[in-house]
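The values are calculated or read from the model by the stated rules, or taken from the named source; none is laboratory data. The structure presented is a predicted model; accordingly, all values stated were derived computationally and were not measured. Backbone-built Cβ (ideal geometry, glycine too); neighbour counts: all protein chains shown.
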């Protein structure tokens, strides 16, 4: 069940110094309003996205509507999987499973062992997150960086270190 908290959650990030953000929303009419709100909150570069198939993320199943805030300017556009070298997919191709299955898929993805739509949707979203974070000058360059991080093993190594740090912090 979607509530007002689904809309408010990402806006209530406790990091007051946050300047960059990628946010997925489930309700298309709030895309531009969300970007305007992020501007007021001091974001320098932010992407607000919604798959035209209803997903609150960048999707492989349809076009994705994007409202981009960059240096005070707001731009609206749509992207397709094909623009970035991905194939369209069905929702059943990207559907998750049990928590255990999803964990295995995540690890296979970070190791570069996962193929197909599940791998592609992770890369598609990661490249735009990297672009929104100003880690790359364009989504195309971000895609190359994401694939390099996965193929070199750096993504999985970072994941292992993150998990280890979390485990150490919990003890």
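Between 22, 110, 47, which is modelled with pLDDT of 95 or more, closer than 30 Å to residue 157 by Cβ, in a helix (DSSP H, G or I) and touching a helix residue (DSSP H, G or I) at 6+ places or on another chain (Cβ under 9 Å)?
Values: 22 fails: in a helix (DSSP H, G or I); 47 fails: in a helix (DSSP H, G or I).
Among 22, 110, 47, only 110 is modelled with pLDDT of 95 or more, closer than 30 Å to residue 157 by Cβ, in a helix (DSSP H, G or I) and touching a helix residue (DSSP H, G or I) at 6+ places or on another chain (Cβ under 9 Å).
Before we move on, is residue 31 in contact with a helix residue (DSSP H, G or I) (Cβ under 6 Å, 6 or more places away or on another chain) and either over 30 Å from residue 160 (Cα atoms) or part of a strand (DSSP E or B) (or both)? Explain how you work it out, then say what you get.
Values: in contact with a helix residue (DSSP H, G or I) (Cβ under 6 Å, 6 or more places away or on another chain): no; either over 30 Å from residue 160 (Cα atoms) or part of a strand (DSSP E or B) (or both): yes.
No: the conditions fail for residue 31.
Output the number of residues of the range 75-94 satisfying the condition of being in contact with a strand residue (DSSP E or B) (Cβ under 8 Å, 6 or more places away or on another chain) and closer than 18 Å to residue 133 by Cβ.
Looking only at the range 75-94, we keep the residues that are in contact with a strand residue (DSSP E or B) (Cβ under 8 Å, 6 or more places away or on another chain), and these are 75-80.
Now narrow it down to the ones that are closer than 18 Å to residue 133 by Cβ: 75, 79.
So the count comes out to 2.
Which of the numbered conditions does residue 157 fail, given that it passes all the others? Conditions: (1) at pLDDT 95 or above; (2) more than 29 Å from residue 18 (Cβ to Cβ); (3) over 17 Å from the mean Cα position of the chain (by Cα).
Condition not satisfied by residue 157: (2).
Which pairs do you get when a residue that is over 22 Å from residue 56 (Cβ atoms), found in the range 112-138, comes within reach of a residue that is modelled with pLDDT of 95 or more and outside any helix (DSSP H, G or I), reach meaning Cβ atoms under 7 angstrom, with the pair 6+ apart or on two chains?
Filtered contacts from the range 112-138: 134/20; 134/45.
Restricting attention to the range 52-83, which residues are assigned to a helix (DSSP H, G or I) and within 28 Å of residue 18 (Cα to Cα)?
Pass one, the range 52-83, residues assigned to a helix (DSSP H, G or I): 81-83.
Hits for the range 52-83: nothing passes.
Of the residues 54, 97, 42, which is touching a helix residue (DSSP H, G or I) at 6+ places or on another chain (Cβ under 8 Å) and surrounded by fewer than 19 Cβ atoms within 10 Å (Cβ to Cβ)? It would help to see each step written out before you state the result.
Numbers: 54 fails: touching a helix residue (DSSP H, G or I) at 6+ places or on another chain (Cβ under 8 Å); 42 fails: touching a helix residue (DSSP H, G or I) at 6+ places or on another chain (Cβ under 8 Å).
Selected residue: 97, the only one of 54, 97, 42 that is touching a helix residue (DSSP H, G or I) at 6+ places or on another chain (Cβ under 8 Å) and surrounded by fewer than 19 Cβ atoms within 10 Å (Cβ to Cβ).
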